[in-house]
Every structure is written in C-alpha cells, then in structure tokens.
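The values are calculated or read from the model by the stated rules, or taken from the named source; none is laboratory data. On a predicted model such as this, the values are computed, not experimentally measured, just so you know. Quick reminder, even Gly has a Cβ in these numbers, built from the backbone with ideal geometry, and neighbours come from all protein chains shown. Side chains are part of the model used for accessible areas, which takes the heavy atoms of the whole protein and leaves out ligands, DNA and RNA. Shrake-Rupley method; radii C 1.70, N 1.55, O 1.52, S 1.80 Å.
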2 protein chains.
Amino acid sequence: MTLWHVSEDIFDPAPKKLHSQETVFSIGNGYFGTRGTFEEGYPHANPATLLFGVFDTVPIAGEELANAPDWTPLGLLVNGERFCLNVGTLLSYQRTLDLQTGLLLRTIRWESPQGVRLSITSERFASLADEHVGAIRFSVTSEQPVDSQPLEISLWADFNTAVGNYNLMHWETMAQGEEQGLVWLQSETKHSQVFLAQSLSFTCNRSDYRQEFLPPYITPCIRLAGTLAPGETVTAEKVVVMFTSRDTAQPLHAALAHHHTLSAPTSPAQGQIFATLFEHNREAWTDFWRVSDVIIEGDEKAQVSIRYNIFQLRISVSPHDDRYSIAAKGLTGFGYRGHIFHDTEIFMLPFFTYVHPQIARDLLLYRYHLLPEAREKAHANGFEGAQYPWESTLSGEEMTPPSIIHPETGKVIAVLNGFLEIHITASIAHATWEYWRISGDDAFMRDYGAELILSTAMFWASRAEYNSHTNDFEIRDVVGPDEWHEHVNNNTYTNYMARWNVCTGLSILDWLHATDPQKAQELATSLGITPERLQHWQDIGARLRVLQDPQTKVFEQFEGFFSLEPLDQSRYQGRKASYQGLLGVEEVQKYRIVKQADVLMLLTVLLDNFDYQTKQANWDYYYPITDHDYGSSLTPALHVILASELGHLEDAYKLFMKGALVDLEDLRGNAAEGIHDACSGAVWQAAILGFAGLRVTESGYSTDPHWPDNWTRLAFTFSHKGERVAVDLRK
Amino acid sequence: MTLWHVSEDIFDPAPKKLHSQETVFSIGNGYFGTRGTFEEGYPHANPATLLFGVFDTVPIAGEELANAPDWTPLGLLVNGERFCLNVGTLLSYQRTLDLQTGLLLRTIRWESPQGVRLSITSERFASLADEHVGAIRFSVTSEQPVDSQPLEISLWADFNTAVGNYNLMHWETMAQGEEQGLVWLQSETKHSQVFLAQSLSFTCNRSDYRQEFLPPYITPCIRLAGTLAPGETVTAEKVVVMFTSRDTAQPLHAALAHHHTLSAPTSPAQGQIFATLFEHNREAWTDFWRVSDVIIEGDEKAQVSIRYNIFQLRISVSPHDDRYSIAAKGLTGFGYRGHIFHDTEIFMLPFFTYVHPQIARDLLLYRYHLLPEAREKAHANGFEGAQYPWESTLSGEEMTPPSIIHPETGKVIAVLNGFLEIHITASIAHATWEYWRISGDDAFMRDYGAELILSTAMFWASRAEYNSHTNDFEIRDVVGPDEWHEHVNNNTYTNYMARWNVCTGLSILDWLHATDPQKAQELATSLGITPERLQHWQDIGARLRVLQDPQTKVFEQFEGFFSLEPLDQSRYQGRKASYQGLLGVEEVQKYRIVKQADVLMLLTVLLDNFDYQTKQANWDYYYPITDHDYGSSLTPALHVILASELGHLEDAYKLFMKGALVDLEDLRGNAAEGIHDACSGAVWQAAILGFAGLRVTESGYSTDPHWPDNWTRLAFTFSHKGERVAVDLRK
C-alpha cells in the first residue's frame, strides 16, 4: 500500500459489503461517475453510471439522476465456461483504487469449475483529461500447465440496458448500430427527453484473435476470440465515449466523431489506445493534485483518507457546467436522488473556493441562474426576494416531497424540510460572500453575487416578523440544522445567518454604489430596493432576535431549548441507531439532544464573528449533547475547526477520522447509497481551517496549527485573490 | 376476415394506439400472457410477459405481477441494415389474431432505407396444449429483382431483460448459459424470490445457414446467418420454454429437460418443430371452443367480439393452479397490478361456472385457501368470521393501499376501498353458492364451500349494528358498488347481499346437517357457531334494513340517495370524462348520479329474488342516472340481463357492444393498461343470461330469448351437474 491507494484484498460477497464497496471503488471525472461493480457482473450488483445533471422524472420526489446504460460490461468465456466470481474458486484477489491517477485495478487468480486456472487483471478509469471517455483494459493469462492444450478464449464487450435507480428504469433504447469499427447505442430518458449516445470500441493486442461485431437486439456487442497457450496473455481494451443532448444537439454524431479521433482501430482486432488515453488522464490528475493535495506526514491512515475525500470532491463535479451543482452523494449512488442541499454550500464549497475557485464560481452560478425560481418560491409563500429550495435540481423548484408514504407501513409521513428548513437561503448567500472574499473576483460579485445576496436579504427582511410586545423581530416556525426539533421559533442558526444576510446585503450595496454606481442603481431598481426597504433592513440588522445567555454566553438553539428534558445518554451505550431512531420522531423533540452541529455550526461558519470565550462556552454546552455517531454525517468533521482552535485535540482527531472514514469503513452502514460528499468537504475544512488553522483576511493569511501529536507535517496550497499560495507546516 | 379473426391492416405508431393495440393483440394460455409488441422492437413499446401468480413487491401497492424478461425478441439484419418499422418504408402491413387457434400473424412488405425489398411474416402463439411453451415462426422472403445479388441475412433471437412494469424492474439475471443447442436465462425476482428459467432454441429451414451461439454478457443469444437469393425464403423458428420455482424446485432443469423433449435440433440450424407444436396447440383450442364457443348469427361484429371476449377469459387463467385467481386485467397489462377484485366472482366466474366448472372450482379454492387471512382481517377490524380484502393477491392480505400520493401534485389521497368497500365478501359467498347450484358439486360444498359461506355469514352477522330506536340492523359507513358515494349508510346492495349471505349460511348448515352431520358438527365447533349466534343470524335475516319505497318498489341506493341533487346530464353532452372526473371527488357525492350498476347489479346477481315489476321500476329509475360511458367499464354489458328481460332491446344491444368492444375499439382510452376482463365476463353473461335468457333450476333449465332483430341464431353449451348441455336457439 502506498499513501495513494485504497485497497481490498478479500472479496466479500455479502450484499451489504458488496454494495458499500461498489461505492468505495467508484471512479469518475465529474462528467460521469461509475460505481465499482465488476465488468463480468455479479448477482445482486448495483451497477450505476450517473451523468452530471442528467435527470429523469420520478413519482413524488420530482426527478433524480438517471442511471445510464452500464458501459462497463466485459465478459470472458474460457473453454465455454463463463468467468464470474460466484462460480469456480477464487485463488487470490486484490482491488486497488489509485487516487493519484483515478485508476481502478483488480487482479485475480481464478480456477474455473472445470479446473482451468487463469490470472485476470482489469484496469478502469474515467478520463479526467477527456471527460466523455471511459476505458477498461482487461488481461487474461493462462496459468495452465505448460504441456496442456491452448484455451479457447472469447471476450465480449457490450452495454447493459437492464439497469435502473435501484429498480426504476429511466432509459429507453432508441437506436443502435455499427460504424467503422465501433458499435453504438442511443438511449432516451423516459420522461425528461435527454438523449445519450454511447459508442464502444473493443480491441486486443493479438493479431491472431478474431474480432466480430454482433448486433443482438438488446444491445450491440463486439466479440474477440482466439486461443491462449499456457503462459500466454491476451489484453483487450474497451473504450466508451458518451455524449448527451445536454452537451450538443447531435450526441450520436459527437460521440462517433470523438471516438474516431481517439483511435483508428485496425482490423481485425488490434489497436492499443488505453495507454495513451491513460497517459492523458494521468497528466490531468497530476495537474489536479499539484494544487489539491493535502500532505499529512506521521499518520498514514489520515493521509490516504484525506486524499480519498479530495478525490471524491473532484469526481463529483464537472468543471465547466454551471447548470447543475454537487449532489449529496455526488455521482456515486442513488441516495438523495442527485438532489442538492446546503451540503454543497456549507460543506463542500470551501474546498473549491480555496483550491479551485473556477469550479466554486460555477457552483454559485448554478444558484444564480435559479434566482427566478427562488423568487417564485418566496412569492408563493407570501414573501419578497428569493427563497432557495431545500432540495434543488435542474429546475430550481422545491424538490422536497411534501410527504412520503412509508413503503412498508403505508403510513403517510409529512416531510417538513421543504417548508420549514429555510436556513439554506442564507447559506447560499454566505458561500457567495466567501467566494468573493477569498478569490477577490469583483466581476463575479458585481454581475451575479450582489444580486443573489440582495435578493436573499430581501427574503429574510420579509420573512422576519415584528413582535410589538418585545419590539424586535422574530423568525418563527422553522427547522434548524438540528432536524430533530421541528416547528421551532427563533432558531439561533437561522436568525443569526438571516441577520448576517441582511447586513451583508446592505454592505454589498454600499460596495456596489462605490465601485459601479450604475449597476447599483440598476439592481436597486430591478429588485425594488427602496429607501423604506433599506430602513427596514437596518431595523432587522439591529433587532432580529438572537437568543443568548448574557452570563454564560451560550446561545439557546431555539426558544425553549434550555428547558427541554436532558437525555441520559449513558442509558443508550452500545446503540446502533440515532436517538431519533431509538426514541421516535415525536419523542426525540422533547429532549435536549442534537442531531448535528447547529449553534456550533454557526460558530464555525461565521468563525470570526465570535470570541474565544463564546466558542468555548458553547462547545462545552453543545458538544456533549450532539449525536456524533448516528446523527447527521455532515458535522463530525466540521466540529474539528472549533475543536482544534479550543485545543480539544483528542476529540478533534476522533471527529476528523469519523468523517474521513465514513465511506471507506462504512461507519454509518449506508455507504451503499453513495459517497457522503458533504463529509468529504468537511474533512478538507477540518484539516485546513481546523488543524492548520488557516485564516484568510483582506491583507493576507495566517495559520495556527493545532494538530494531533503524531502529525509531523501538514502541507497544502490554496488560491488567494488569483495567487496560488503553498503552505508547508512542520513540527 | 373470418368470424374468428381480429385484424388491423394499418400500422399506427402513435403511442396511444401502439400501446392499446399491444393489449388487443396479446396472446396467452393462462400460464403466461404476452402483449402484442413486435419481435424486432419499436421505440416506446411496452413488451410484457406476465406469469400466472408470479408477483414481486412494490412500494405502497404491496405486490404486482412481475413483467418477466421478454421472450419474443427476434432481430433481422439484411445487408447490414436492421429491420424495424420506424425506418425504411412500410409497403404493406397486416396483423391478425386468430381466436380459433391463438395464433398472432403479421405480414409485412418493407423496403429498407437502402432500398432492399422484403416480405416478412411472423407467427406467434402461447401453446394451450403445453403451457410452458411459446413459439415464433419468422419468415423472410427476398423481393429483390431476379438479377440482383443475394442478400446477406442475419437473424438473431435472445431475451430482453431491460423490461419493467412500466419503469419498475422486477427481475435480476442470476445465470445464463448454453446447452445442447439451447441457450438459457435464469432470473430471480428482486424481492419475492421467485426463480424463472427460460430456455430458447432458434433454428431455420436452410441447411446453408450458419447457426451460432452468442454468449453476450446481458443475455444469451442464437444467431442464424446466410444469404437469400431473389425470390427465396428463409424461415426461422424461435421456441421458448419457461418454468418457475412456483412449478418445481428446479425450474432450470425442468425447462431444459422439457425443451429437449420438444425437439432434437440438428446442426447447424435445421429443426422444424413449430408446425408440430402449433398442431398440438390448435387441437387444444379446438377442444376449448367445442364447449366454449357462442355462435351468434346475423351480426358479424357481435360474433367476432364475443369470441374475442371468451378468448380473453381463457388466456387469463391457468386451469390447474388454485393459488391465484384472475386479475382485473388478466395477464395482459400492468393496470391494477395483477390484483384480484370482485371482478372475478361477480363478472367472470359465471362463464367458468357454466362452461368450465373445473376452473371455477379452482378460482373458488383460491378464496378458500385464503380464509385464514380473511379471518385475520375481520378480527383486526373488530369483527368475527372472514372478511375478504377488496384487493387480493397471493397472500390474502388487504392490498388496497390506505392512501396514495398523487404523482404530480404530491397531494395525499386517501383510498377508502380497502376499509369501506366490504360487499366483496358477500360476492365471494354468492359465487360459491352459484357454483354449487350449477355444478351440483356437493363434495366441494361440503369440503370447502360451506366453511366459506359460514365464515362470511359470521362476518356479516358481527358487522351489522343493532339500532335500538328502529329495532333493526344496519350496516353503516360503507362504499357500495357505486364508488362515487363514500361513507354511506345502508347501501342496498351491501345490506341485501349481507342478508342473503347470512340466510344462505343458515340453509347451508341445514343441508350439511342433513347430508353429513359429522362435518356439520365439526364446522360448527371449529367456527364457533353456537345456538346464540344462529339465533342472531335469524334476527339479521329478518331485520337487516333494506331501503325500498313500498309504493314504487324502487330501492334507495343508500340512506339519503333519493334526496341528493339531480344532475342535469344534458349540460355535459360530448364529454370525454366521467362525471366524477368532471365534478371532482367531493362534488360528485352530492349528486344523484351513479358510477356503475349498484341497485341494478343486485337485481342482476340475485335475479330470481325479484319480480318483474320491481326490476322494471328500478331499471326506469337507475338506468338513466348511470354513467355508462365513463363510469366503470364493469357494468354496461351486465345491464343487458335486465334490459333484455324487460324488453329494452335497443339499449341492451348498445350496452352489449359497449362491453364487447371496450378493448377492441379502445372505447375508454385505457386499453393500453390491459384487457377489461370483468367486461369480458359480463359480455358472456349478457349473451347467455341476457339475450338467450338461460335460467337453470334444480330440475333443469329454460331459455327465454330476447335478442336484437338481426340476430338469427344463438348457440352455446353449458355444463349442468356434470352434464354438457348444448343450446341452439334460432329465429
């Protein structure tokens, strides 16, 4: 094992393990992601290829990323026996994902039911250099005794159209064909009418092998066949090119033309392009890691796992498509259906803002483009400005279902988040501000960011309710980040962030007046920012209620939280479920127990707004009553920023590893549904903003390392106002 | 056109027509049904093969018949061009379903995009003689000019696993292979763990054609390839055998062994077995029609369509499997998910009771086997005895979802039928009684029927509520057959049938005491039929409220129906939707408008219990206020029994044809979802119990023909107490 490798050397066919490892060994390039299923198939496997922003309609949940025809199938028949790990004997097995190059490698020694021994190697990558390309190299070596007969080998490559999101099919085959050494498949989503063209070439290194194009009804196929003497190897290459109607009006034409530029496969079977394609891909990953790597010395597990999380962030987003953003599970699984939550802005965006500002800009443009729909949502709810949906997809409409029916009990369960979990609107404004602060991208702020911040400020100003008894403003009936407490009033996170949003609206307007008065005037006119409204914003800024004990400095999570019953957590030792799962949705609301950072998230997101004593007091209060193990996966690693600043290094390290290993070790038992991308983002923040203590100000940056004892070095780069800064901290 | 043929001679690719004709041209044998999709495929086609009683789990709706891997795919490549009706030019087209033999025939003349002219014939049947067998014969003739080059022909046959119920996939491929001239596919349902083995042979009549077994990853395939000179024909035969784990513990072994008994395909490609298999199938259909045919002379449309409906009844049920019954759409579509309603007992069962008593017996045994679950449902609702579910599948549990979420609006819609539409329990008891009355099968009544009738009687006796003010019994808060009025009290249909059920319980107990005292004693003990309970049954029989105007003899459909607002139907002329659809679920309840026969269904089901005057008065009252066009499809044809008795022959004929053509002419626009099997049953009843006026009594039978003017002959057979009776009525 190197510090770039994620490996397994035992194949565990138990479905739970099979499916979680499919997630762990996903490959991708942001244009598409492909789960780590085997080329030859396996019973109950969940193959999936999800394309960035390619959705189809589903009942209740609106739309979901539509699992595309599987491009990875590659079959092997030896003397008439089909290779599959559920038959014969597995003599040795290793699978490795090389984070440095995105290559997924599997090496196997296998004995067929009839006793034929083979060693088999498969290599697979999604090209980071050419995002439409996926490639597989598949080598078979005869381990038969020297004096035995040559083996009859047949290899074939095709597509699997019999796939769905779990069981729901989204694509229909529209056409298929063969052309100049390629076969191709054209599919269309069942409802959203996205077209996908996939072309396929399949060649090998042996001139004595026959290549044949097979046009079965279901999916086109290419077969290679020949013999293999003892000790000999045949190496086949399957290359697939994918284009959709989101890329071009003629995806089939684009796929075929592009595929032909990659190679001119020569008859009958030869044509080695994998190595060249891989070299380009490797270079692109090298470029990526040059700026993105975080070096941790002294802790190999931390080193590999932070790279793994950075790798996940990269493969979850296309670097030049601002029509879609990063889903909760990226492109690696069906969980949360490809919907976008505050996970992106709060948890993942800082990595991009600091390291890949161009991608951060696209992710924010995604939100900017959907301002009209956010305005509609605000308007429909009786408010002004722009209110972002809790779950967002391509349309910008609220995609949180208002209710679901429990699939087993048949009971109707109301889902309140789309109505009440409103803090996301401030999170998006805050991410916009942060991007500007770190990148110094004034043009972005002028052309897009200001309008977004002003529109969201306007939402909050209309959402806050004046209380004439107390002569202040309130925000009632919400769900805060701690989703276990519903219909709460004056959630501190929500109110503080709302106030921040409104005040930031005022200051951004000042900035715009100073730097581009015409644009400022245009925006004020188009958005209806009247002097009266500005006065109201001032009032909100001065008098929006934030609940804090002036003695202890502890914020009250929401009105009445301090009076809830304490929960005796010692009674639940050894539990394997969240407190909500154990107590029930209704019962848990009565207790002073928190799903995930809420007040502490506020103190983290607006880190510079709070003094040390406030942080310490709130940490001491909230840290022990948060369910770090089975609450949300989002915040364990995010806690590290406060924990390291406050010197709780043992806790900080534990929280960091809980985040870093959430999928690698399937800590929550749900890795099968896809990578916890928010967690990946939090892990980066934990290392850089936490352990390294990076703080960027107008004038420059500082670090304040507080890291685990065994760590000897922490090095990384970030981009500050267009300049790349390399930080190398050593003990 | 003969009087046995359903044909189309234009291919209309509009999706609505495509999908409704897929239903119309379904084939089947009761073990499986296969929709009339094309062998070569067509964009947006809905191929489906549903197997009798083969279910898989679905969210909300419990379980549904699981669309199996499509066995029909057969592709043709000519000079490298793929045959499909969406390319090239269709020169002529005809498709015919031969009801006499179950053969689906398609003849086409087609010019490829490159100008190659072919005539193509496909023939397909599901063997009625050997229910595990489906077969296709596919002939291609070159219509090229005499002096042109031979064509390169490639034909291939495989399975399509990329199918679902609409988009929901139910099967997973577990294994596949090749063995002695066959390829095979083994699949398993995703949840219910039913195994399905499908074996496939593919041969042709030309010794110069190469046969090749292709093992692509997705599905196994056999290819035939050769050349075709101008004027020549190649004829290929695809034969598929299917067994499931519901048939045998080793379905794959069974399929392969059975397939080998059909044929010994000789290398490379020859082996003509279609003709032999078809001959056996034809004989089986001849046997069926010998007793099942209804001859109508003087009205060709009526003649063909009644045969079509009888054909549908036959292909919807396996004649030797009492673990499942006939679904609302048989095995021809996804509508109602294969669930069983009162459609079977009220509408379809009379055909089987009169014509195929052995099948009727199995259908009733299905209900008998599920008595334990019906007792559980009664118990869970606080009642005694057995209460059958409104929607039933294999488990016997209530499969009506308690609520659904509207897929577009997201609104939760309560579904009351599972709670309130309780009359089905009496319908099942009544069907049991009728079977006994017509068949004289005393052993069945003693061993099964009596227990069912007594258990359902016990349910009604406990369900009826005593009203001390009026000193009678009521059944409150139900939905009657007219589902547009919910939460009604004392629905006449429900109350009258309940009373009938209780009284029949008393008389069947008397009969049992007289004929088998020991069995009577056993049942009384095991069911808890105490003297007190029997007294209570007597009370119910005497005093269960039935609302009838003593002056007019008109029954009131339910309490308060007479006082509802009348609906001015003249305002809705030219409508294309039901009154419920136009007025809304809430609004329609206020009106005196009826979805389907309710009081009139009572008068039909218990035909001999009412005098002519009562029938006439109720007909005059209810017939005009029933939505015969867009209400339920169930009852138009059922009305014919009363209509013909009352001499309304013009209405009777209109109603008969509305039923007979509901799918053939897609009268309700929903034939795509599958055949209206209840309607098929009602059409048979309309002809025999309506137009022919057949009445069977203890001593014999009588007829009282009242039929349309142009009909000159009506002939049929039925089985009375084990004797086959042929009736031949002529003008």
> Which distances, in nm and shortest first, link the residue A:697 label point to the same label point in every other copy, taking 7 Å along Cα→Cβ?
Replying inline: 11.0
> Any idea of the total accessible area buried by the A-B contact, 1.4 Å probe, rounded to 100 Å²?
Replying inline: 3700
> Roughly how many Å is it from the Cα centre of region A:38-100 to that of region A:402-459, as a whole number?
Replying inline: 34
> Quick one: which bits of region A:138-172 get at least 20 Å² less accessible when the partner protein chains are in, versus the chain alone, with a 1.4 Å probe?
Replying inline: A:156, A:158, A:160, A:162, A:167, A:168, A:169, A:172
>> For region A:620-660 and region A:663-727, what is the centre-to-centre distance using only Cα atoms, to the nearest Å?
In response: 14
>> Can you give me the long-range amide H partners of residue B:204? Hydrogens built in the peptide plane at 1.01 Å from N, cutoff under 5 Å, separation of 5 or more residues or another chain.
In response: B:237, B:270, B:271
> Stretch residue A:10-residue A:510 to full length: gain in nm at 0.36 nm per residue minus the Cα-Cα span?
Replying inline: 173.9 nm
> How big, in percent, is the set of alpha carbon pairs in region A:42-192 lying more than 27 Å apart?
Replying inline: 37
>> Cut-off under 18 Å on the C-alpha distance; same-chain residues fewer than 8 positions from residue A:731 excluded. Which aspartates and glutamates are left, in chain and number order?
In response: A:297, A:299, A:300, A:645, A:650, A:704, A:709
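Suppose a student asked you for the relative contact order of region A:535-679, using Cα pairs under 8 Å spaced at least 6 residues apart; what percent would you report?
Details: 150 pairs, mean separation 28.5, N = 145.
RCO, region A:535-679: 20 percent.
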> Heavy-atom accessible area per residue, the protein assembly as shown, 1.4 Å probe: how many Å²?
Replying inline: 34
> In Å and whole numbers, how far do the C-alpha atoms of the protein assembly as shown stretch along each principal axis, longest first?
Replying inline: 107, 91, 64
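Summing Lys, Arg as +1 and Asp, Glu as -1, what charge do residues with Cβ under 12 Å from the Cβ of residue B:89 carry, residue B:89 excluded?
Cβ neighbours under 12 Å give a net charge of +1.
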> Which far-off residues, 5 or more places away or on another chain, put their amide H under 5 Å from the one on residue B:175, with H placed in the peptide plane?
Replying inline: B:186
> At residue A:180, with labels set 7 Å past Cα in the Cβ direction, how many nm apart are the copies from this one, shortest first?
Replying inline: 4.9
>> I'd like the distance separating the alpha-carbon centroids of region B:194-246 and region A:223-259, in whole Å.
In response: 27
> For residue A:214, which sequence-distant residues (separation of 5 or more, or a different chain) have an amide H within less than 5 Å of its own amide H, given hydrogens modelled in the peptide plane?
Replying inline: A:221, A:222, A:223
>> Which residue in chain A puts its Cβ closest to the axis that rotates chain A onto chain B, and at what distance in whole Å?
In response: A:162, 2
>> How large a share of the accessible area of chain A, in percent, is made up of carbon and sulfur atoms when the probe is 1.4 Å and the other protein chains stay in place?
In response: 49
>> Below 24 Å, Cα to Cα, which lysines can residue A:576 reach? Residues fewer than 8 away in the same chain don't count.
In response: A:16, A:17, A:329, A:590, A:595, A:654, A:658
>> Please list, in order along region B:232-244, the HN-Hα scalar couplings obtained from phi with the Karplus expression 6.51 cos²θ - 1.76 cosθ + 1.60 (θ = phi - 60°), rounded to whole Hz, x for Gly and Pro.
In response: 7, 10, 10, 10, 10, 10, 10, 10, 10, 10, 10, 9, 10
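Under DSSP H, which helices of chain A have Cα atoms covering 30 Å or more of the helix axis and a Kyte-Doolittle average no less than -0.5?
On the way: long enough: A:492-515 (33 Å, 0.06).
Membrane-span-like by this criterion, though nothing is claimed about a membrane: A:492-515.
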> Are there residues in region B:206-230 whose accessible area shrinks by at least 30 Å² when all protein chains are included rather than the chain by itself, and which are they (probe 1.4 Å, ligands and nucleic acids not counted)?
Replying inline: B:214, B:215, B:216, B:217, B:218, B:223
> If we restrict to alpha carbons, what Rg and Dmax does chain B come to, in Å?
Replying inline: 27.1, 97
> In whole Hz, what ³J(HN,Hα) sequence does region B:111-125 give by Karplus (6.51, -1.76, 1.60; θ = phi - 60°), x for Gly and Pro?
Replying inline: 10, 6, x, 7, x, 7, 9, 10, 10, 10, 10, 10, 10, 8, 8
> From a point 7 Å beyond the Cα of residue A:568 in the direction of its Cβ, which residues of region A:612-640 have a backbone N at a distance under 20 Å?
Replying inline: A:624-627
> Accessible area drop of at least 50 Å² (1.4 Å probe, protein heavy atoms): which residues of region A:69-89 qualify, relative to the chain alone?
Replying inline: A:82
> Karplus couplings for region A:142-155 from phi (6.51 cos²θ - 1.76 cosθ + 1.60, θ = phi - 60°), rounded to Hz, Gly and Pro as x?
Replying inline: 6, 9, 6, x, 3, 8, 8, 5, x, 8, 8, 10, 9, 10
> Copy-to-copy spacing for residue A:613, label 7 Å out on the Cα-to-C-beta vector, in nm, shortest first?
Replying inline: 10.0
